[in-house]
Amino acid sequence: MRMLAFANKNTKEILRDPLTLFFGLGFPLVLILLLSAIQANIPVELFEIQHLTPGITVFGLAFMTLFSATIIAKDRGSSLLQRLYTTPLTPMDYILGYTLPIIPISVAQCVICYIAAIFLGLDITVNILYAVLFIIPVSILYIALGLLCGSVLNDKQVGGICGALLTNLSAWLSGVWFDLDLVGGAFKKIAYALPFVHAVEMERAVLAGDFTGIFPHLWWVIGYATVLLVLAVLLFLRQMKKQ
Amino acid sequence: MYAIRTANLTKKYKDIIAVDQLNLQVKKGELFSLLGVNGAGKTTTIKMLSCLTQPTSGDAFLNGKSICKDIAAVKSLIAVSPQETAVVPGLSVRENLELMCGVHGFTKEKQKAKIAELTELLGLEAVIKKKAGKLSGGWQRRLSIAMALISEPKILFLDEPTLGLDVLARSDLWDLIRSLKGKVTIILTTHYMEEAEALSDRIAIMKDGKLLICDTADKIKARAGTDDFEQAFIHIVKGVAK
């Protein structure tokens, strides 16, 4: 219950920030509408709604990395954590308290994208529900990345690294905006060694009802999410001890 | 039993000794001030006593509980109001207080009663619905102290509570701190000599991690041979006092 009080504080802080509502919920919607408009004039297979929507739902999660990193970095910078470290909250309370509030926001973002996609012609199938369900491990992956960054960077650095660099890198290396085969070589190898493209291909497979196609991508997502979460916990504990 | 007893408490950072073999005792209900110039070791001492950092050697006992071995027990006794105002700016005053009730595991009934009690004690009624980030420095400090008092601590650490406040806000906060005297043991760090003299039962002066003197303000002045506490502090820190 102590953890829920802390999570509640984080939920309020995130939802009261208007930038959260714009980037977290509005921006992916704008992208779907814009790219669908382009697709209507110049057809590109990559931007067909059944390909585009899973990619956008994954790309939108890059903002969850930004939210989780920002909230930790701000708490660290304001001495709030120093106060809370003298309370009975445990390290696990902090990690869950930062992670749990962002999962429903991620799911809401995904649902909004699919509702928009349905209006743009996406067939209504039960696979949409599965796609929303499978976004949860992907969101944990992105949130863990944010926890890790927020534990070592200050809020200004978080803005630059998570807000600009990571958002772009996760986009380029995800196969959402262009087919990775077009670049090929080392770029493609690096992309497939990272989790972003696997998350997108997993979501595309789920939406298409190709459940054997989920693998091995799901393992990549879960593997990276686990490693990043463990690293985030270790780095958070390190900065806690540094106090 | 003392509220606080340190035994050769030492903290080293690589080749710097931040606190060097500190031995002091604080009685229950006492308002005890730690004074010293920057780098004297005051904040490091408070961080060790509040379990934020582990000592390199030595130990300290808060109500008999070791800061090295009984961390959970010590945490249940203490509360800290850090040097920077540690409030959540995006939450209202009430929500900040609710947060602290929540992390201490209070029931809804206890939470309601505690918030009502502290709102009255600290005069927060007028700002209870306002966002903490919109409050003046003085109100934020008040809220910060209220948040520290939520857990009904036996020992309260106030790290430079009036830093950066105007004269009136400081005077208000002094009244508040005076009203807490006797109810809770208070450890205060400050750079303001008049603050330490006006509020404290006893004062410890530190320099380079070492304890130079620990006594009442009057006895410290007598020892330094002056009627002015600031002069006494300067004499002692510069090593002039006998």
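The values are calculated or read from the model by the stated rules, or taken from the named source; none is laboratory data. These numbers were taken from a predicted model, which means no experiment stands behind them. Every residue, glycine among them, receives a Cβ derived from its backbone with ideal geometry; neighbour counts consider all protein chains shown. Note: accessible area is taken over every heavy atom of the protein model, side chains too, but ligands, DNA and RNA are not part of it. Shrake-Rupley method; radii C 1.70, N 1.55, O 1.52, S 1.80 Å.
Some observations on this one:
- Projecting the Cα atoms of A:Ser151, A:His198, A:Met240 onto the charge dipole of the range A:138-243, computed from C-beta unit charges around the Cα centre, puts A:Met240 farthest toward the positive end.
- Listed pairs B:Lys183/B:Lys219; A:Lys156/B:Lys207; B:Lys69/B:Lys112; B:Lys181/B:Lys210; B:Lys134/B:Lys221 exceeding 30 Å between Cα atoms: A:Lys156/B:Lys207; B:Lys69/B:Lys112; B:Lys134/B:Lys221
- Dipole magnitude for the protein assembly as shown: about 1600 debye, using +1 per Lys or Arg Cβ and -1 per Asp or Glu Cβ, origin at the Cα centre.
- Using alpha-carbon coordinates, inclination of helix A:127-152 to the longest axis of chain A, degrees: 40 degrees
- Close amide H partners of B:Met206, meaning residues 5 or more places away or on another chain with modelled amide H under 5 Å apart, are B:Leu35, B:Gly36, B:Leu212.
- Positive-pole candidate from B:Gln231, B:Ser57, B:Leu165, dipole of the protein assembly as shown, charges at beta carbon: B:Gln231
- Karplus 3J(HN,Hα) series, Hz, for the range B:35-47 with 6.51 cos²θ - 1.76 cosθ + 1.60 (x for Gly, Pro): 10, x, 6, 4, x, 6, x, 5, 5, 5, 4, 5, 4
- Length gained when the stretch B:Ile128-B:Asp166 is fully extended (0.36 nm per residue, less Cα-Cα span): 11.5 nm
- Dipole magnitude for chain A: about 1220 debye, using +1 per Lys or Arg Cβ and -1 per Asp or Glu Cβ, origin at the Cα centre.
- For chain A, averaging the sequence separation of C-alpha pairs within contact (under 8 Å, six or more residues apart) and dividing by the residue count gives a relative contact order of 28 percent.
- Selection from B:Ile186, B:Val80, B:Gly102, by position along the positive dipole direction of chain B (Cβ): B:Gly102
- Accessible surface of chain B [probe 1.4 Å, protein heavy atoms]: carbon and sulfur percent: 50 percent
- Charge tally in the Cβ shell below 15 Å around A:Val58, where Lys, Arg are +1 and Asp, Glu are -1, A:Val58 excluded: -1
- Share of carbon and sulfur in the accessible heavy-atom surface of chain A [1.4 Å probe, %]: 72 percent
- The mean count of C-beta atoms from other chains within 10 Å of the C-beta of residues in B:81-87, rounded to a whole number, is 5.
- Between A:Val30 and A:Tyr130, the modelled label-to-label distance comes to 3.4 nm, taking each label 7 Å out from Cα in the direction of the beta carbon.
- The range B:93-108 residues near the modelled B:Ser179 label - backbone nitrogen below 18 Å, point 7 Å along Cα→Cβ: B:93-94, B:97
- Charge tally for B:Ile17 (other residues, Cβ to Cβ under 14 Å; Lys, Arg +1; Asp, Glu -1): +2.
- The relative contact order of the range B:1-102, computed from alpha carbon pairs under 8 Å that lie at least 6 residues apart in sequence, is 27 percent.
- Separation in nanometres of the label points that stand 7 Å from Cα toward Cβ, at B:Lys27 and A:Lys241: 4.0 nm
- For the range B:117-213, a crude dipole built from +1 on the beta carbon of Lys and Arg and -1 on the beta carbon of Asp and Glu, taken about the Cα centre, is about 280 debye to the nearest 20.
- When accessible surface is computed with a 1.4 Å probe, chains A and B are found to bury approximately 2200 Å² between them, both chains counted.
- Crossing angle, helix B:108-121 versus chain B [Cα axis fit, 0-90 degrees, rounded to tens]: 60 degrees
- Exercise: per-residue mean of other protein chain Cβ atoms within 10 Å, A:67-79: 2
- R0 of 41 Å, Cβ-Cβ distance B:Gln231-B:Thr56: FRET efficiency to nearest 0.05: 0.75
- Relative to the longest principal axis of the Cα atoms of chain B, helix B:93-103 runs at roughly 70 degrees.
- Shielding by other protein chains, A:9-16, mean Cβ within 10 Å: 3
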